[in-house]
1. Among the aspartates and glutamates, select those whose C-alpha is under 16 Å from the C-alpha of LYS59, and discard any that sit fewer than 8 residues away in the same chain.
2. Over the Cα atoms of segment 31-162, what radius of gyration and what Dmax do you get, in Å?
3. Residues with amide H under 5 Å of ASN235's amide H, sequence separation 5 or more or different chain, H placed in the peptide plane at 1.01 Å from N; which?
4. Step through the residues of segment 183-200 one at a time and calculate ³J(HN,Hα) from phi using the Karplus curve (6.51 cos²θ - 1.76 cosθ + 1.60, θ = phi - 60°), rounding each to whole Hz and writing x for Gly and Pro.
5. Which whole-Hz ³J(HN,Hα) couplings does segment 78-87 yield from phi under the Karplus relation 6.51 cos²θ - 1.76 cosθ + 1.60, θ = phi - 60°, glycine and proline marked x?
6. Less than 11 Å from a label point 7 Å out along the Cα-to-Cβ axis of ILE251: which backbone N atoms in segment 192-221 qualify, by residue?
7. Arrange the peptides 87-94, 264-271 so that the one whose residues have, on average, the most other Cβ atoms within 10 Å appears first.
8. What is the distance, in nm, between label points placed 7 Å from the Cα along the Cα-to-Cβ direction at THR315 and at HIS120?
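Bear in mind that the values in this text are calculations on the coordinates, not laboratory data. Quantities reported herein were computed from a predicted structural model and do not represent experimental measurements. In this analysis, Cβ positions are derived from the backbone assuming ideal geometry, glycine residues included, and neighbour counts consider all displayed protein chains.
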Amino acid sequence: MDGRLCRAVGVVAAVSLAVGLGACGQSGGSGGDAAGKDLKIGLLLPGYGGATRWAQFDKPLVEGKIADLCRDCTVEYADAALNAATQQQQAEAMIIEGVDVMILASVNSETIRSTINRAHAANVPVVAYDHLAEGPISAYVGFDAHRIGELQGEALLRALGDKAHDGQIVMMNGDPINPDAREFKAGALSVLKGKVTIGKSYDTPGWSMDTAHANMVGAIAALGSDRIDGVYAANDWLASGVISALKAARIKPMPPVVGQDALLSAVQRIVSGEQYMTVYKSYKAQADAAAEMAVSLGRGEGLGQTPNETVDSPTDRDIPAVVLAPVAVTRDNIKDTVVKDGLYTIDQICTPAVRSACDEAGLTS
């Protein structure tokens, strides 16, 4: 395991975590009324834009869980539009306005440190969400980023099959300022290095789909359309840019492309055969844990039994944490993962454009 995550106990599966979350912040079951204190909770998300997970899943799930736990609590929401300076201003405004606690998915884990120091000085606990921010955070909830990269690398090797030994791939990595992106890359390389040739490797500032498309066009020109056997894409947004470039170059058959986040468009690409794999992360389990810890910290009750391990950041050690297990999704297990967990219905996935592919995959039977 990478040095960033120092485990106190083993990772629990995302699908089973939610069962044990209720122990935190228990106060008789009637939310803020029973606890005697209604809270103002800041929710700061990076807001990558487009059809990403933040607006579709994280925001409503966190807000919904907080409403369940604390009927009269309020959530102050801010979308940083992927601008680190904007997020700092948003967080500092929330501190001045008197929020009791903040849930923060940082745009830049390093530059937000000074703001987290200000929050700490103002006795405003910070729960780092999805991204492990620097500074005196009170808790962290996210997924094992190194393991995500391993899952992606393992899936790509399986997809390459006999081509893995002499195969050549392109790596479309994430935003280099994001510590998780660095861990995704490290995890993938721990599996791929020495097994395949990495013909081209790109970092993608801002997780830009357009940049991924342009870089893939460059890789095709440099390596040749017949010399790309597979593509590692750090997430589904980048995979979309990669696949659009492969399609524009009329490359057939399409080399396997792996991604992450289980976006609906990516699941549909997997069904149709344009994308080989994505990584599913239980957003509900993550949102539930963040809300549990934030409400409990805001009430001054500590963290209870919610954290299942500890992690280290570049600035702090033994941070109480909930670290969830990611799950690889391919065409073979869509029903048993994203459909079973209620992320999407068959009808949402199997639109007319992919209906015949859904029939072939057995999703509609």
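1. Those aspartates and glutamates meeting the cut-off are ASP68, GLU76, ASP79, ASP130, ASP261, ASP288, GLU292.
2. Rg, Dmax (Cα atoms, Å): 16.9, 63.
3. Answer set, sorted by chain and number: GLN260.
4. 6, 4, 4, 4, x, 5, 5, 5, 9, 8, 4, x, 9, 9, 8, 8, x, 9
5. These are the phi-based 3J(HN,Hα) values: 9, 10, 7, 6, 6, 10, 5, 5, 4, 5 Hz.
6. 199-200, 216-221
7. Working: 87-94: 19.8, 264-271: 22.1.
Packing order, densest peptide first, comes out as 264-271, 87-94.
8. 0.6
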